[in-house]
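A.B. asks: One structure is given below, represented as structure tokens, and several questions about it will come after.
The values are calculated or read from the model by the stated rules, or taken from the named source; none is laboratory data. Since the structure is predicted, the reported quantities are computational estimates derived from the model, not experimental observations. No Cβ is skipped: glycine too gets one built from the backbone with ideal geometry, and neighbour counts run over all protein chains shown. Remember, those area values only see protein heavy atoms, side chains included, never the ligands or the DNA or RNA. Shrake-Rupley method; radii C 1.70, N 1.55, O 1.52, S 1.80 Å.
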Amino acid sequence: MKHPRGRYRLLSAFLFVTLTANFLMAQKVREGSVPEGQQMVPTGKGDAITVAAEPADANAVGQAVVTGNGINYHGGPVMKGTVPIFIIWYGNWNGTGSNTANTRSVIEHYVATLGNSAPMLIDSTYGDNTGNVSGNVSFGGSIIVSSSTNLTDTSLRSTVGNAIAGGKLPNNPNGLYFVLSSSNINETSGFCTQYCGFHTHATLSGSDIKYAFVGNVDRCQSGCEIQTTGPNSAAVGQGGIDGMANVMFHEASEAISDPDLNAWFDTSGQENGDKCNFNFGATSNCNSNGLCTSAGTSTKARFNQTFGSHDYMLQQNWENKNGGACVLHL
Amino acid sequence: MPIRFLQCVCAVLFAAALCVSAQEPVKPPLNPRVITATKQVTIFSGLERQMLQAVQKKDKAALAAMLQDDCTIELPDADPLAGDEWMDSVMAQDYSLKSFVVRQMSVADLGNAVVVKFDRIQDAAAKSGSDSGEFFVVDLWKKNGDAWKLANRYVAKVSSVPWMPGSSPTPTGKQ
């Protein structure tokens, strides 16, 4: 028979373990109930409102930083120099509709000619303490990841990480990686219901990698396309190319001016692209003498930018000068 | 006797721990990222803010214009309210909506109807006491001509503690 003191010790130990377990579980529940903003600063899923509480650090303002234009600098870096853009074509890009080799070709040409274009140069009004964004980007290469599996935020990150770790794409912390999914693929964290795309960053293969997701917006034309046939559509009703080009411009502009989510955003947490989301400014209509496809011409699709021998319909971007405004060019 | 008491306490705590562990909802972590909102999210974020601003300003006409005639509002621990009754309650002088945040919105597009889900955080006071906190709201909006009108609202309270972004920025001493 054990001595009662031994039983006390045993029970005390058990009580301690049980209470500790209860305490830890309570902490876990509580973690989920804390407003995201207090943990997600400077941004949170689905709304960058969470960053609003963070004030601009006025002393961080250097010569390359201009303030007072409706968007604030928060001390983080911007992406300077020529930013290479890498593309991961995820899903089935040899399929039907706008999930085709033609779409890949047009989008890659678009990226290759986006650098120093009028819309991209708007980003050159943003800077950090060591210099400004150049407004130049280049096409850094692409790979195809064939899959029929939907993406999650975790598998999206793995997709980028695997491409870099496997040597299929270079490890470049000064680059921007786009994962473009075909229209049969869902990104289950809110593609088409919350968002058309997003950008973020993560440490992958030891580098701070900036990456973005943009799905083929033909999956949800009413949510993510301004017109169902665009100036580059291969067929009427296939607005995927132009819709994706628009979202890619939005994400590239934001990722370059706020790559680590701690540089440029306004008091409500909106980055430059957010402030002009689906705001296209003055537009023209495709006509038979222009650069539009036959589908775009037949439907008189609208466009507002021309570069690289193509017309595009790209949202305006917020210029960090002249008091700030949504503009098509500087 | 004390040993039995301790045994009972341990058993109860152990059972509670198992129960809590089993019932805890799986909540995926929120990943830091900045999104390009869909057109519908952009539109209905604006409409939801308009409604809340109408409540703030006690603008009953503006609020009424956004509700369907047969609108119903379902609040936690309460019978469903007709739209008129709900309007009367939030238009009452003893109800005060001081500030609010709409976030985490998603919209399911059903054609002439949409289901809008979002989190609303508010700092508000009613005659019966504080109406502050975080709320999970599901709204059914229906298209009426060219206008969207609220047909049904379902509200669940997530937390009683209000948190207002930007209300208390961390001072740096450098402003």
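A.B. asks: Of all residues in segment B:96-111, which are touching an Asp or Glu at 6+ places or on another chain (Cβ under 7 Å) and away from chain A (no Cβ under 14 Å)?
C.D. replies: Hit for segment B:96-111 is B:Lys98, nothing else.
A.B. asks: Suppose the filter is within 14 Å of chain B (Cβ to nearest Cβ), in contact (Cβ under 8 Å) with a residue 24 or more places away in the chain, buried (at least 24 other Cβ atoms within 10 Å of the Cβ) and of a type in the set (A, V, I, L, M); does A:Ala301 pass it?
C.D. replies: no
Condition check ((1) within 18 Å of B:Ala82 (Cβ to Cβ); (2) under 15 Å from the mean Cα position of the chain (by Cα)) across all residues:
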site: B:Arg120; (1), (2): no, yes
site: B:Ser130; (1), (2): no, yes
site: B:Gly145; (1), (2): no, no
site: B:Asn152; (1), (2): yes, yes
site: B:Val158; (1), (2): no, yes
site: B:Val161; (1), (2): no, yes
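A.B. asks: Only residues that are open to solvent by 40 Å² or more (accessible area, probe 1.4 Å) and out of contact with any helix residue (DSSP H, G or I) (no Cβ under 7 Å at 6 or more places or on another chain): list them for segment B:109-137, please.
C.D. replies: B:Leu110, B:Gly111, B:Asn112, B:Val115, B:Lys117, B:Asp123, B:Lys127, B:Ser128, B:Ser130, B:Asp131, B:Phe136
A.B. asks: Hey, another quick one. Go through A:Met313, A:Met244 for me and flag whichever is in contact with a Leu (Cβ under 9 Å, 6 or more places away or on another chain), under 19 Å from B:Lys39 (Cβ atoms) and either in contact (Cβ under 8 Å) with a residue 12 or more places away in the chain or open to solvent by 20 Å² or more (accessible area, probe 1.4 Å) (or both).
C.D. replies: A:Met244
A.B. asks: To continue, here is another question. Are there any pairs, at least 6 apart or on different chains, whose C-beta atoms fall under 8 Å, with the first in segment A:153-174 and farther than 23 Å from A:Val137 by Cβ and among the aliphatic types (A, V, I, L, M) and the second open to solvent by 60 Å² or more (accessible area, probe 1.4 Å) and not in a helix (DSSP H, G or I), and if so, which?
C.D. replies: A:Ala165/A:Ser205
A.B. asks: Moving to a separate point now. Looking at B:Leu81, B:Leu75, can you tell me which residue is in contact (Cβ under 8 Å) with a residue 24 or more places away in the chain and away from chain A (no Cβ under 14 Å)?
C.D. replies: Exactly one of B:Leu81, B:Leu75 is in contact (Cβ under 8 Å) with a residue 24 or more places away in the chain and away from chain A (no Cβ under 14 Å), namely B:Leu75.
A.B. asks: Output the number of residues of segment A:194-220 satisfying the condition of being surrounded by 21 or more Cβ atoms within 10 Å (Cβ to Cβ) and without any contact (Cβ under 8 Å) to a residue 40 or more places away in the chain.
C.D. replies: Of the residues in that region, 5 qualify.
A.B. asks: If I ask for residues that are open to solvent by 10 Å² or more (accessible area, probe 1.4 Å), over 30 Å from A:Ser183 (Cα atoms) and assigned to a strand (DSSP E or B), which ones from segment A:66-102 would you list?
C.D. replies: Hit for segment A:66-102 is A:Asn72, nothing else.
Each row is one residue, and each column tells you yes or no for (1) of a type in the set (A, V, I, L, M); (2) part of a helix (DSSP H, G or I).
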residue: B:Ser45; (1), (2): no, yes
residue: B:Arg103; (1), (2): no, no
residue: B:Phe118; (1), (2): no, no
residue: B:Ile121; (1), (2): yes, no
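A.B. asks: Given the criterion closer than 15 Å to A:Phe86 by Cα and modelled with pLDDT of 95 or more, identify the matching residue among A:Val236, A:Val214.
C.D. replies: A:Val214
A.B. asks: Of B:Gln93, B:Gln53, which residue is more than 14 Å from chain A (Cβ to nearest Cβ), assigned to a loop (DSSP other than H, G, I, E, B) and open to solvent by 60 Å² or more (accessible area, probe 1.4 Å)?
C.D. replies: Step by step, each of B:Gln93, B:Gln53 is checked, and only B:Gln93 is more than 14 Å from chain A (Cβ to nearest Cβ), assigned to a loop (DSSP other than H, G, I, E, B) and open to solvent by 60 Å² or more (accessible area, probe 1.4 Å).
A.B. asks: Could you pull out the residue among A:Asn285, A:Asn289 that is more than 11 Å from every other protein chain (Cβ to nearest Cβ), surrounded by fewer than 24 Cβ atoms within 10 Å (Cβ to Cβ) and without any contact (Cβ under 8 Å) to a residue 12 or more places away in the chain?
C.D. replies: It is A:Asn289.
A.B. asks: Tell me whether segment A:261-273 contains one or more residues that are acidic (Asp, Glu), within 12 Å of chain B (Cβ to nearest Cβ) and either crowded, with 23+ Cβ neighbours inside 10 Å or part of a loop (DSSP other than H, G, I, E, B) (or both).
C.D. replies: The answer is yes, given that some residue of segment A:261-273 is acidic (Asp, Glu), within 12 Å of chain B (Cβ to nearest Cβ) and either crowded, with 23+ Cβ neighbours inside 10 Å or part of a loop (DSSP other than H, G, I, E, B) (or both).
A.B. asks: Continuing with the same structure: Is it the case that segment A:227-241 has a residue that's touching a residue at least 40 places away in the same chain (Cβ under 8 Å), in contact with a Phe, Trp or Tyr (Cβ under 9 Å, 6 or more places away or on another chain) and open to solvent by 10 Å² or more (accessible area, probe 1.4 Å)?
C.D. replies: No.
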